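Colleague: Can you read through this structure? Questions will come right after.
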Amino acid sequence: MQPPQAREIFSALINDALRSISSKCASNVASGFVGLAKDEFLQAPKTRHEVYVRERYDRVPIMDKSPKDLENARGTPDPFMERGIIKGRYMSDKHANLTERQRRELEYHREHAKQHRSILNRPFSYDVIYAKKHSRWWNAAWEMYSFLNTQELRNKKVLVVGCGFGEDALRLAKMGAQVEALDLSPESLSVAKELASREKLQISFREMPVETMDYESDIFDFVVARDILHHVDIPAAMNEIIRTSKNGALFVVNEVYTHSFTDRIRHSAFVEKKLYPAMQSFVYEGEQPYITEDERKLTEKDVAEIVKPLKKIVLKKHFNFLVNRVAPDKYDFLSKIDRAILAATNPIAHILGGRVLLGGVIEKIEN
Ligand SMILES: C[S@@+](CC[C@H](N)C(=O)[O-])C[C@H]1O[C@@H](n2cnc3c(N)ncnc32)[C@H](O)[C@@H]1O
């Protein structure tokens, strides 16, 4: 089955529109615009470090923590740590070789996982793997599975990098793949392992950075990277992904993205200095944003780096022109319009889009 074309998307939209013209829709739209400010604000750089990272197109880790911050960060020793204090924090030997950026990511995601262990109290959903193809064509995660469902995964070796709580690892294992999954954070992996054991799925989890994996070379048939590459050193991660993949393996990427042209608007003085501060109290509403100090959306340059070793691109779609920038993604009707705009403007979707879904065949060049 072919992906829905712009005409079908528009006719689906018109049908939806007729069904949804109601006060509920109006209030959704209003709330959508309220969400704008919020989401866009949350994605803005919060610290001098983050601005620096974005401006310099990164790679050089720097600490902008004062000695007092480090002193405060010391706090109570973490029960997961074995011994040693590195740069003012308790770190295990295992973490001694991490870069500063990886350490900050690790700290952030350890805490994040501790605060979200309640995910274990909820039933695990396999909806995406059993859904009809393109049933939620406006959503990148569902479209990723629409694509993965077309692949023969049974008994194939699949690597999930930066697996977090293991959702993709579990779903791919349920689809019959032999899954290996890695993450920096032992607390996230502990949630993932508990979920896998509860769901009676055999998955091998390892704690390590994607930039320096300890898997053998040439073993994976598929590699899945969802919302991880924007946290890492992309060239180093790509080297490792290529090394561990077989020639002809399929690489699937689903990541937050912004074209550098669009990014310049987001980081304009007016938006950063006037608009966001003016909206700050309204925007936060006491919520903790899920954004690490070093993360940065992929740009077209990162995408070029990612597709360099791919001999054939089999999937490329952009999502989230306005959704997750000026409106939350919980309103399907807005999301459909949003994706329809990107489908209709496909040649410039890479400039407008806020998320990219990519699939490509890895070509390994023999030395
Ligand atoms: C935004 S979460 C995404 C998790 C999962 N892929 C998902 O979509 O739910 C990013 C994950 O990347 C992990 N991470 C960050 N930097 C990493 C690195 N250098 N190597 C491996 N994992 C990393 C974090 O611990 C975190 O679990």
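The values are calculated or read from the model by the stated rules, or taken from the named source; none is laboratory data. Keep in mind it's a predicted model, so treat the numbers as computed, not measured. With ideal geometry, Cβ positions are generated from the backbone for all residues, glycine too; neighbour counts draw on all protein chains shown.
Colleague: Going by the structure shown, is Leu310 at pLDDT 95 or above, surrounded by 12 or more Cβ atoms within 10 Å (Cβ to Cβ) and more than 16 Å from the ligand (Cβ to nearest atom)?
Modeller: The answer is yes for Leu310.
Colleague: Test each condition in (1) within 16 Å of the ligand (Cβ to nearest atom); (2) acidic (Asp, Glu); (3) without any contact (Cβ under 8 Å) to a residue 12 or more places away in the chain for Glu152 and report the one that comes out false.
Modeller: Unmet for Glu152, out of (1) within 16 Å of the ligand (Cβ to nearest atom); (2) acidic (Asp, Glu); (3) without any contact (Cβ under 8 Å) to a residue 12 or more places away in the chain: (1).
Colleague: Let me ask you something else. Please count how many residues of the stretch 195-207 are surrounded by fewer than 17 Cβ atoms within 10 Å (Cβ to Cβ) and within 13 Å of the ligand (Cβ to nearest atom).
Modeller: 2
Colleague: Is it true that some residue in the stretch 169-176 is surrounded by 24 or more Cβ atoms within 10 Å (Cβ to Cβ), more than 11 Å from the ligand (Cβ to nearest atom) and not in a helix (DSSP H, G or I)?
Modeller: So far as the stretch 169-176 goes, no, none of its residues is surrounded by 24 or more Cβ atoms within 10 Å (Cβ to Cβ), more than 11 Å from the ligand (Cβ to nearest atom) and not in a helix (DSSP H, G or I).
Colleague: Being more than 13 Å from the ligand (Cβ to nearest atom), modelled with pLDDT of 95 or more and over 16 Å from Glu105 (Cβ atoms) is true for just one of Ser190, Ser217. Which residue is that?
Modeller: So the residue among Ser190, Ser217 that is more than 13 Å from the ligand (Cβ to nearest atom), modelled with pLDDT of 95 or more and over 16 Å from Glu105 (Cβ atoms) is Ser217.
Colleague: Taking Asp214 as the residue in question, decide whether it is among the acidic types (Asp, Glu), in a strand (DSSP E or B) and surrounded by fewer than 21 Cβ atoms within 10 Å (Cβ to Cβ).
Modeller: No, not satisfied.
Colleague: Restricting attention to the stretch 116-142, which residues are within 16 Å of the ligand (Cβ to nearest atom) and either closer than 23 Å to Phe319 by Cα or without any contact (Cβ under 8 Å) to a residue 12 or more places away in the chain (or both)?
Modeller: Once the filter is applied, which keeps residues that are within 16 Å of the ligand (Cβ to nearest atom) and either closer than 23 Å to Phe319 by Cα or without any contact (Cβ under 8 Å) to a residue 12 or more places away in the chain (or both), the stretch 116-142 yields Ser118, Arg122, Ser125, Tyr126, Asp127, Val128, Ile129, Asn139, Ala140, Ala141, Trp142.
Colleague: Here's something else I'd like to know. Look through Arg117, Arg104, Arg122, Arg89 and report the one residue that is in contact with a helix residue (DSSP H, G or I) (Cβ under 7 Å, 6 or more places away or on another chain) and modelled with pLDDT of 50 or more.
Modeller: Only one candidate passes the filter, namely Arg117.
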